[in-house]
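**Q** Once you've had a glance at the structure underneath, I'll fire off some questions.
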Amino acid sequence: MPNTVIDTTVSVSAFLRPSVGGASFDLLQLAHEGAFELFLSDDILEEAARVLLDSVRIRRRYVYPDDAVIEYCRGLRTQVPGKTGL
């Protein structure tokens, strides 16, 4: 099975546009389905949360509660099979 690391941009895009047909969302869906093994570092997850919570530009354009960001990042962490440090 291939190994894949996604970066902050992919994780942020998948959160902001959680729909089939979006490249970022589809990548995470494929990982969830077992097409490849997903690897994320704590730094990537923390940066994604920081961007989603603190970016004025993003917060003006998209409306979502802070709790949704926290749950999303926790969900990504649970998809990673035991390794979060890269």
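The values are calculated or read from the model by the stated rules, or taken from the named source; none is laboratory data. Given the structure is predicted, the values throughout are model-derived calculations rather than measurements. A quick note on method: Cβ atoms are made from the backbone with ideal geometry, for glycine too, and the neighbour counts reach across all protein chains shown.
**Q** Just checking, how many residues over the stretch 15-59 are at pLDDT 95 or above and of a type in the set (A, V, I, L, M, F, W, C)?
**A** 9
**Q** Can you pull out the residues in the stretch 29-64 that are part of a loop (DSSP other than H, G, I, E, B), surrounded by 13 or more Cβ atoms within 10 Å (Cβ to Cβ) and out of contact with any Ser or Thr (no Cβ under 8 Å at 6 or more places or on another chain)?
**A** Within the stretch 29-64, 35, 55, 64 qualify.
**Q** Of all residues in the stretch 17-28, which are surrounded by fewer than 15 Cβ atoms within 10 Å (Cβ to Cβ) and either part of a helix (DSSP H, G or I) or touching a residue at least 60 places away in the same chain (Cβ under 8 Å) (or both)?
**A** Answer for the stretch 17-28, where residues must be surrounded by fewer than 15 Cβ atoms within 10 Å (Cβ to Cβ) and either part of a helix (DSSP H, G or I) or touching a residue at least 60 places away in the same chain (Cβ under 8 Å) (or both): 23, 26.
**Q** Residue by residue through the stretch 36-70, note down the ones that are within 14 Å of residue 6 (Cα to Cα) and more than 13 Å from the chain's Cα centre (by Cα).
**A** Listed by number, the residues that qualify are 36, 37.
**Q** Within the set of pairs 6+ apart or on separate chains, which have a first residue in the stretch 62-75 that is farther than 16 Å from residue 40 by Cβ, a second that is surrounded by 11 or more Cβ atoms within 10 Å (Cβ to Cβ) and modelled with pLDDT of 95 or more, and C-beta atoms under 7 Å apart?
**A** 62/16; 66/53
**Q** Could you say which residue among 78, 84 is modelled with pLDDT under 95 and over 12 Å from the mean Cα position of the chain (by Cα)?
**A** The match here is 84.
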